[in-house]
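Trainee: Got a structure here, written out as structure tokens. Questions coming.
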Amino acid sequence: MKTYAVIGDSRGIGEALRNRLLAAGHRVIGVSRTGTVIEGEPRYLGLQFDAVAGACDLTAFAEGLDGLAYCPGTIALKPFKGLKREQWVQDWEVNFYGAVAALQANHGLLKKAEGGASVVLFSTVAVGTGMAFHASIAAAKGAVEGLTRALAAEWAPDIRVNAVAPSLTDTSLAAPLLNSEAKRAAIEERNPLRRVHRPEEVASLAAWLLEDLSAGMTGQVLSLDAGIGALR
């Protein structure tokens with residue numbers, strides 16, 4: 001049994017990742033602003049903490065971490081002309097600086113993992129594929145991709161660092177973009193597979209990156225984008 005931390009596990013991809021890791025028999029420390037309780041599950045510890053407000057130091061709750069996934073994110077699509085400083089700051093704080101603080105605070109725990117540890121961050125298809133109205137989030141997630149590669153080099157060989165870059169996923173965060181059949185159909189029409197991802201699909205890739213089957217992979221940003229980034 002390994003111990004994983006999932007930052008942002010109360011909903012969406014983070015929740016699906018937490019459930020997948022628990023189903024695989026691992027111990028999971030979940031961190032969210034609301035806090036999560038799973039009755040009758042001794043392998044789960046849910047902590048209430050705003051990872052954006054400060055460094056989420058888990059040293060009081062684990063002797064070591066085999067992996068950490070940072071899942072908080074934002075979706076605020078606006079024309080570049082109308083983007084205020086507050087929006088840029090929020091996107092950077094949630095997507096980038098929160099991840100930086102969590103990784104700095106828990107680097108020591110990751111170093112203690114026997115056989116090496118794994119970190120998974122989240123980007124977006126909009127970094128590698130230019131999309132209108134995505135300037136702020138693409139800039140913040142572009143920084144996440146740069147961080148992924150830099151830390152993969154700096155922390156090797158003890159800690160692997162990879163990222164997942166999905167296209168739109170059916171989560172509560174994306175609900176405003178999918179709250180009608182017309183909106184969903186328009187988004188599905190944009191990608192070759194004509195679909196919107198389920199959280200469980202993205203979580204399965206993140207879980208693979210955390211676990212030993214991906215032991216030879218680091219410094220990678222894996223696209224799960226229904227083909228939109230590479231196919232026309």
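Please treat every number below as a calculation from the coordinates, not as lab data. Only a predicted model underlies this, so the values are computations on that prediction, with no experimental measurement involved. Glycine also receives a Cβ, built like all others from the backbone with ideal geometry; neighbour counts cover every protein chain displayed.
Trainee: Using the Cα atoms of region 3-224, I'd like the radius of gyration and the largest Cα-Cα distance, Dmax, both in angstrom.
Mentor: In Å, with Rg to one decimal and Dmax whole: 16.9, 51.
Trainee: When Lys and Arg each count +1 and Asp and Glu each count -1, what net charge do the other residues less than 12 Å away from LEU177, Cβ to Cβ, add up to? Before the final figure, lay out the partial values.
Mentor: Details: positive: LYS183, ARG184, ARG190; negative: ASP170, GLU188.
Computed value for this residue: +1.
Trainee: Given the -39500 (n - 2.57) contribution per DSSP H run of 4+ residues, what per-residue ellipticity at 222 nm results for the chain, rounded to the nearest 500 deg cm²/dmol? If you can, show how the numbers build up before the last one.
Mentor: On the way: 7 runs with 80 residues, N = 232.
Here the helix-only value at 222 nm equals -10500 deg cm²/dmol.
Trainee: Among residues other than ASP158 whose Cβ falls under 10 Å from its Cβ, what is the net charge (Lys/Arg +1, Asp/Glu -1)?
Mentor: Cβ neighbours under 10 Å give a net charge of +3.
Trainee: Something else now. Near LYS112, which aspartates and glutamates are there with a Cα under 19 Å away, not counting those fewer than 8 places off in the same chain?
Mentor: Within the straight-line limit of under 19 Å, LYS112 reaches these aspartates and glutamates: ASP57, GLU63, ASP66, GLU154, ASP158, GLU211, ASP212.
Trainee: By a straight-distance test (C-alpha under 25 Å), which lysines pair with LYS78 as possible cross-link partners, with residues fewer than eight away in the same chain excluded?
Mentor: LYS141, LYS183
Trainee: Around LYS112, which amide H atoms from residues at least 5 apart in sequence, or from another chain, sit under 5 Å from its own amide H, with H modelled in the peptide plane?
Mentor: Here LEU65 satisfy the definition.
Trainee: Taking the dipole about the Cα centre of the chain, with the C-beta of Lys and Arg at +1 and of Asp and Glu at -1, give me whichever of LEU231, ALA105, ILE137 is farthest to the positive side.
Mentor: The one lying farthest along the dipole's positive direction is LEU231.
Trainee: Taking the chain as a Gaussian network, where each spring joins two C-alpha atoms under 10 Å apart, which residue of THR34, THR148, THR169 fluctuates the most?
Mentor: Fluctuation is largest for THR34.
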